[in-house]
Amino acid sequence: SGRKETVLDLAKFVDKGVQVKLTGGRQVTGTLKGYDQLLNLVLDEAVEFLRDPDDPLKTTDQTRRLGLIVCRGTAVMLVSPTDGTDEIANPFNQPDGA
């Protein structure tokens, strides 16, 4: 009972594409190669989406190739698969006439 287990089961994402959001607004995609119980992630062929210099909260279409990286578990906020996810229109936007 003293063994600690992670809340996330990342085993199903190993060797698959993942998108990782980090504290501070950075966003990275890559192939998950490994992880540990502290949520330290090893990503291969990682690509960072650069942020808008005028608004650091927005990402741009510009990217930067990083290669093999380690994301520290304390900085990881979100891990999601790249396969099966699509951006949809915001259902909460009100029409201009309302």
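The values are calculated or read from the model by the stated rules, or taken from the named source; none is laboratory data. Source: prediction; values computed, not measured. With ideal geometry, Cβ positions are generated from the backbone for all residues, glycine too; neighbour counts draw on all protein chains shown. Calculation scope for accessible area: heavy atoms of the full protein, side chains included, ligands and nucleic acids excluded. Shrake-Rupley method; radii C 1.70, N 1.55, O 1.52, S 1.80 Å.
Quick look at the numbers
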item: Convex hull of segment 11-81 built on C-alpha atoms - directionally averaged projected area, nm²; result: 4.4
item: Computed lengthening from Asp15 to Leu78, 0.36 nm per intervening residue step minus Cα-Cα distance; result: 20.9 nm
item: Gaussian network model of the chain, springs between alpha carbon atoms under 10 Å - residue of Gly84, Gly24, Gly34 with greatest fluctuation; result: Gly84
item: The chain - accessible surface per residue (Å², probe 1.4 Å); result: 77
item: Thr23-Asn93 pseudo-label distance in nm [points 7 Å out on the Cα-to-Cβ vector]; result: 3.3
item: Carbon + sulfur, % of accessible area of the chain - ligands and nucleic acids excluded, 1.4 Å; result: 50
item: Distance (nanometres) between label positions extended 7 Å along Cα→Cβ at Val70 and Leu57; result: 3.3
item: Full-stretch length increase - Asp86, Lys33 - with 0.36 nm per residue and alpha-carbon distance subtracted; result: 16.8 nm
